[in-house]
Amino acid sequence: MAIESFNYDNKIARNFMYATILWGIVAFLVGLIIAIQLYAPALNLGIPWLTFGRLRPLHTNAAIFAFVGNGIFMGVYYSLQRLLKARMFSDLLGKLHFWGWQLIIVCAALTIPLGYTMGKEYAELEWPIDILIAVVWIIFGINMIGTIMKRREKHLYVAIWFYIATFFTVALLHVVNSIEIPVTFLKSYPIFAGVQDAMVQWWYGHNAVAFFLTTPYLGLMYYFLPKAANRPIFSYRLSIVHFWALIFIYIWAGPHHLLYSSTPDWVQTLGVTFSVMLIAPSWGGMLNGLLTLRGAWDKVRKDPILKMMVVAVTAYGLSTFEGPMMSLKSVNALTHFTDWVIGHVHIGALGWNGLLTFGILYWLVPRLFNTKLHSVKLANAHFWFSTLGIVIYAIPMYWSGVTQSLMWKQFNPNGLLQYPNFLETVTQIIPMYIIRSFGGLLYLVGAILMIINLVKTIKQGSFVAEEAAEAPALDKTPVKAAGVYKHRWIESRPVRFMVFALVAVLIGGIIEIVPMYLIKSNVPTIESVKPYTPLELQGRDIYISEGCYVCHSQWVRPFRSETERYGEVSKSGEFVYDHPFQWGSKRTGPDLHRIGGKYPDAWHWNHMIDPHLTSPKSIMPPYPWLESQKIDLATTPKKIRVMQTLGVPYPEGYDEQANTDLEAQATGIVENLKAQGIPSAEWDSKLVALIAYMQRLGTDIKGAD
């Protein structure tokens with residue numbers, strides 16, 4: 001068979017490599033800032049776009065989509081060409097993908113701190129950026145699939161299986177969860193509401209972790225770990241079981257984020273069942289990675305790259321054991337809404353994604369620049385800074401998580417809450433927040449050491465833009481489905497492989513989500529629940545814009561400790577007009593679902609202007625700009641019309657009188673504030689609208705049958 005000559009394109013991998021390093025530092029730095037803000041709220045500086053509520057979503061997006069996202073593409077573009085013995089399908093598509101992805105990141109970095117957000121975790125970006133994400137992701141997919149189709153290697157290696165599953169599943173998740181109706185250029189409402197929106201969001205949110213932070217990185221592990229160790233993967237058969245079981249089971253597990261909620265019991269049960277089942281394929285992948293290094297532990301001890309990869313794979317195993325355990329209802333009752341979840345996700349993000357990325361960078365950069373790593377000692381120092389940073393970060397979060405939960409649930413001998421003031425449970429864990437931030441600082445210092453090392457490595461080398469390669473043309477002889485390696489039949493048929501992978505992930509999503517819309521009994525309605533008034537709707541959008549949802553939940557669970565503290569258990573029918581839902585996932589502050597009518601309007605006013613006036617020792621930042629900033633009244637009719645399109649039963653033509661009703665309700669609040677000693681309030685201020693929303697929360701079912 002004739003040997004064909006061609007070149008690998010290293011420029012695209014190099015570009016994503018630079019972006020990975022840059023955005024990694026940004027993500028780590030913003031993470032450190034918000035970690036310090038939790039015990040030093042003065043660091044919010046009284047600037048709207050520097051508050052914890054706005055920076056925290058920026059941090060998560062930077063870590064997931066900027067740092068890890070660029071790391072994925074760096075590894076995929078390098079490994080895919082070599083595994084397929086072919087240059088990428090299109091250099092132009094590669095460039096469009098690179099610059100398009102960086103544009104998405106810059107748009108996120110501008111819009112989220114400015115308060116333009118959907119208010120849905122890991123899906124905060126507004127509709128124009130969502131469209132851009134879809135376009136750029138499709139460009140990536142076309143380039144990847146085109147390369148697979150023009151390959152010279154008949155069989156697809158296991159890493160490519162994970163790349164394929166990643167592309168199709170992330171596209172599916174993003175499109176379904178991002179269906180929204182625009183109001184203005186940077187404001188929209190999702191078509192889903194309440195329980196249904198929660199179901200779709202956590203189907204997306206959990207599987208964004210599964211198919212963006214996990215499956216592509218498993219593909220990178222299957223390529224780069226054997227390369228770094230210079231030995232084959234431990235078991236081909238185990239990789240087959242690992243892949244198919246993982247992609248089929250993972251998609252079902254999203255509802256474990258909604259335990260003890262008003263989602264139907266059958267959905268919660270499916271989430272728990274499949275979450276526990278996930279342990280098997282997840283640990284199959286971990287063992288396949290670690291056992292690849294059997295007999296090479298002396299090499300691991302000396303090589304910082306392998307040490308990073310070993311700790312990364314171990315962190316993957318730990319987090320994928322911990323996740324299913326947290327999905328058990330008895331464990332979830334203890335850990336949900338607490339800092340335990342923060343510790344858990346950072347074991348995955350800093351350990352699995354972070355250290356594997358660092359290991360790949362140390363392996364890849366010398367090869368791209370045809371040189372040796374500048375300093376093994378610096379790389380070893382980075383390893384220890386990162387590893388110790390993760391430990392010092394996670395342990396205080398586990399400690400504070402248990403502390404929080406036990407204090408929330410503690411009753412005294414008289415049957416009353418031991419700590420009725422939520423703030424007591426916050427001040428108790430501040431020392432853990434301080435320790436956690438030190439761990440984050442160590443991790444950041446390690447990353448800075450890496451930059452120094454890699455810059456010196458790059459300077460001493462010479463970049464290989466076009467790497468010459470040779471390979472035989474593709475052998476088109478059909479592979480029969482027989483013998484020991486029956487799986488090779490589907491590996492040699494990429495189109496069928498893609499279809500089978502898509503079907504595997506579609507099954508769980510269809511079975512869990514579709515009945516939520518076809519069976520009305522899954523979301524019972526409550527007659528007393530009415531749509532938000534125009535002022536309350538504007539106030540709700542301000543609540544979302546300021547990122548209040550990152551610290552406050554709106555979901556009272558069926559525990560005596562919660563009903564004693566907050567009030568009646570939340571019911572699914574109360575959320576039917578919530579576009580988007582606002583159940584939250586972390587309680588740095590108390591739950592707000594029953595806050596309506598609990599305090600006078602002046603209390604809310606003072607609390608937002610200076611939290612210490614109402615809650616001494618509070619770690620919440622002040623929001624004084626809400627007093628002077630005005631509601632954009634021009635958007636009110638547009639918002640009403642979009643809500644009507646979504647099925648919210650406002651009267652026909654109500655958009656024309658919405659602002660009149662808004663002013664009347666706002667004037668009433670201003671009169672209350674004046675009577676309560678606050679004469680400066682103006683009816684069209686954002687703070688008045690926010691107060692209207694807060695006073696509405698949880699009041700619809702009071703006095704109802």
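Under the condition of being farther than 26 Å from Phe73 by Cβ, in contact with a Gly (Cβ under 7 Å, 6 or more places away or on another chain) and small (Gly, Ala, Ser), the residues counted in region 1-60 number 2.
Just to be sure before I move on: is Lys617 exposed (fewer than 15 other Cβ atoms within 10 Å of the Cβ) and over 21 Å from Glu546 (Cβ atoms) in the structure I sent? First the steps, then the outcome.
On the way: exposed (fewer than 15 other Cβ atoms within 10 Å of the Cβ): yes; over 21 Å from Glu546 (Cβ atoms): yes.
Against the criterion (exposed (fewer than 15 other Cβ atoms within 10 Å of the Cβ) and over 21 Å from Glu546 (Cβ atoms)), Lys617 qualifies.
Condition check: among the β-branched types (Val, Ile, Thr), under 28 Å from the mean Cα position of the chain (by Cα) and in a helix (DSSP H, G or I). Does Ile138 satisfy that? In short, yes. Can His242 be described as in a helix (DSSP H, G or I), buried (at least 22 other Cβ atoms within 10 Å of the Cβ), out of contact with any Pro (no Cβ under 9 Å at 6 or more places or on another chain) and not aromatic (Phe, Trp, Tyr)? Here the answer is no, as His242 does not meet what is asked.
Condition check ((1) among the charged types (D, E, K, R); (2) under 26 Å from the mean Cα position of the chain (by Cα); (3) farther than 29 Å from Pro431 by Cβ) across all residues:
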site	(1), (2), (3)
Trp340	no, yes, no
Gly343	no, yes, no
Ile347	no, yes, no
Leu350	no, yes, no
Leu356	no, yes, yes
Val365	no, no, yes
Leu368	no, no, yes
His374	no, no, yes
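Kindly check whether there is at least one residue in region 52-65 that is surrounded by fewer than 20 Cβ atoms within 10 Å (Cβ to Cβ), of a type in the set (D, E, K, R) and either part of a loop (DSSP other than H, G, I, E, B) or in contact (Cβ under 8 Å) with a residue 40 or more places away in the chain (or both). Checked against the condition, which is being surrounded by fewer than 20 Cβ atoms within 10 Å (Cβ to Cβ), of a type in the set (D, E, K, R) and either part of a loop (DSSP other than H, G, I, E, B) or in contact (Cβ under 8 Å) with a residue 40 or more places away in the chain (or both), region 52-65 yields no hits at all. Quick check: anything in region 599-610 part of a loop (DSSP other than H, G, I, E, B) and among the aliphatic types (A, V, I, L, M)? No: zero hits. Note on region 557-568: among residues that are in contact (Cβ under 8 Å) with a residue 40 or more places away in the chain and part of a loop (DSSP other than H, G, I, E, B), the one that is surrounded by the most Cβ atoms within 10 Å (Cβ to Cβ) is Arg557. Here Arg496 fulfils each of the conditions (1) under 33 Å from the mean Cα position of the chain (by Cα); (2) surrounded by 14 or more Cβ atoms within 10 Å (Cβ to Cβ); (3) not aliphatic (A, V, I, L, M) apart from (2).
Filtering region 651-671 for residues that are within 36 Å of the chain's Cα centre (by Cα), farther than 15 Å from Lys630 by Cβ and free of Cβ contacts under 8 Å to residues at least 24 places away in the same chain leaves a non-empty set. Check whether at least one residue in region 113-128 is surrounded by fewer than 21 Cβ atoms within 10 Å (Cβ to Cβ), assigned to a helix (DSSP H, G or I) and at negative phi, and report yes or no. For region 113-128, residues surrounded by fewer than 21 Cβ atoms within 10 Å (Cβ to Cβ), assigned to a helix (DSSP H, G or I) and at negative phi: present.
Kindly provide the set of residues from region 356-380 that are over 20 Å from Asn15 (Cα atoms) and assigned to a helix (DSSP H, G or I), ordered by number. Matches in region 356-380: Val376, Lys377, Leu378, Ala379, Asn380.
Every number here is computed from the coordinates shown, using simple stated rules; none is lab data. No experiment lies behind these values; they were computed from the predicted model shown. Neighbour counts run over all protein chains shown; Cβ positions are idealised from the backbone, glycine included.
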